[in-house]
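The values are calculated or read from the model by the stated rules, or taken from the named source; none is laboratory data. Predicted, not measured: the structure shown is a model, and the values here were computed from it. Here the Cβ is made from the backbone with ideal geometry for all residues, glycine too, and neighbour counts use every protein chain on show.
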Amino acid sequence: MKRHLPFLGLIAGLVALDQASKAAVARFVPFYGNVGLIPGFFAISHIHNKGAIFGTFSQSTSPVVTVLLAAASLFAMAMVVVYFFKTPASQLGMKLALTLVMAGALGNLIDRLARGYVIDFLEFHVKRAYFPTFNVADSCITIGAMLLILTFFARRP
C-alpha cells in the first residue's frame, strides 16, 4: 500500500483542486455568467452539465439519466481502481495515467452525486468557434486518457 501513497495523494490533491475551483465558480460567477480573461480566446463561465462528456444527454430532465450516468461512472471507476492496484509502481506512466483518470472521474462523480450535475467553467474559443466548456476533472480525464494511449503504444514491440 505504501507504494501507492504518492499517487493517492495526487488523486486527493487533484480532486481538492477540482472541487475548490467549482465552488469558487459557483460562488463568484453567476449561473450562465461569463468572465472574459483573454478576449477572443479564454473565459470563465458557469454552466451546469447534467449529461456526459461534451454535454451529451445534458438536455435530459429524466432522473434515470442521472442515475445511469452515475452508475456508469462508478463502474468505470471501479475498473480503473482495480487496474491501478494491479499495476506495479515501476510502470510510472501507466500509474500516472490511471491516477489522472481516477482523480477526474472522482471529481465529476462527486458533483453528479451531490448536485445532480457537473459544474463546467473553462471556456476556450477563437472568435465564434467555441470548444465545449469543461472543468479540472475533465482535464485530468483527458490528459490521463492520452497518457494511457501513449503508454500503451510505447510498450508495444
Of ILE110, ILE119, ILE141, which residue is surrounded by 14 or more Cβ atoms within 10 Å (Cβ to Cβ) and farther than 16 Å from LYS50 by Cβ?
ILE141
Hits in segment 88-104 - residues which are of a type in the set (Ser, Thr, Tyr) and modelled with pLDDT of 90 or more
THR99
Those residues of segment 103-141 which are assigned to a helix (DSSP H, G or I) and in contact with a strand residue (DSSP E or B) (Cβ under 7 Å, 6 or more places away or on another chain) amount to ASN108, ASP111, ARG112
May I ask you to list the residues in segment 1-47 that are surrounded by fewer than 17 Cβ atoms within 10 Å (Cβ to Cβ), of a type in the set (A, V, I, L, M, F, W, C) and not in a helix (DSSP H, G or I)?
MET1, PHE31, VAL35, LEU37, ILE38, PHE41, PHE42
Restricted to segment 144-157 and to residues being surrounded by fewer than 17 Cβ atoms within 10 Å (Cβ to Cβ) and assigned to a helix (DSSP H, G or I), the residue modelled with the lowest pLDDT is ARG155
